[in-house]
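The values are calculated or read from the model by the stated rules, or taken from the named source; none is laboratory data. Remember, it's a predicted structure, so these values are computed and weren't measured experimentally. For neighbour counting, all protein chains shown are included, and Cβ atoms are generated from backbone atoms with ideal geometry for every residue, glycine included. Ligands, DNA and RNA are excluded from the accessible area calculation, which covers all protein heavy atoms including side chains. Shrake-Rupley method; radii C 1.70, N 1.55, O 1.52, S 1.80 Å.
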Amino acid sequence: MNEYNNCRLTENARNLRKNMTEEERKLWYCFLKNSRMTFHRQKVIGRYIVDFCCPKVKLIIEIDGSQHYEDEGKEQDILRDKYLQSIGYVVLRYSNLDINKNFNNVCEDIERYLPCD
């Protein structure tokens, strides 16, 4: 990736942090921001911007809106997840519905991937 693309991704990530979805805000402010592990919002990794990332345990959390359930979105997510997994990350995906209807279960699921110490 050239420097121009990296700068554009960084700027896009900054804009996404300023304009998080309702579901991203809920997960961030009600759980991840005060987690015992450090999470980053809208982090650039390679040619992708991930919703949330905990580099220490190589964990990525994606909150999926409706576009992720269309054929093109599914295909892009498969490619993205394969790349992220190839560099050692675990990718957890939750739908907006999961965040809105099963928030405690989402938080418990994420906790399973964090060390106990």
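Data for the structure
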quantity: Probe 1.4 Å, protein heavy atoms only - accessible area per residue of the chain in square angstrom; calculated: 63 Å²
quantity: FRET efficiency, LYS33 to GLU75 (Cβ-Cβ, R0 25 Å, nearest 0.05); calculated: 0.20
quantity: Computed FRET value (nearest 0.05) for GLU108 with ASN6, which takes r as the C-beta separation and R₀ as 35 Å; calculated: 0.45
quantity: Förster-model FRET efficiency, 30 Å R0, LYS18 and GLN85, C-beta, rounded to 0.05; calculated: 0.55
quantity: Accessible area of the chain belonging to carbon and sulfur atoms, whole % at 1.4 Å probe; calculated: 46 percent
quantity: ARG25 accessible area, assembled protein chains, probe 1.4 Å, Å²; calculated: 110 Å²
quantity: For segment 21-117: rounded, prolate or oblate by the Cα gyration tensor [a/c cutoff 1.5]; calculated: oblate
quantity: Computed [θ] at 222 nm, helices only, for the chain once each DSSP H run of length n ≥ 4 contributes -39500 (n - 2.57); calculated: -14500 deg cm²/dmol
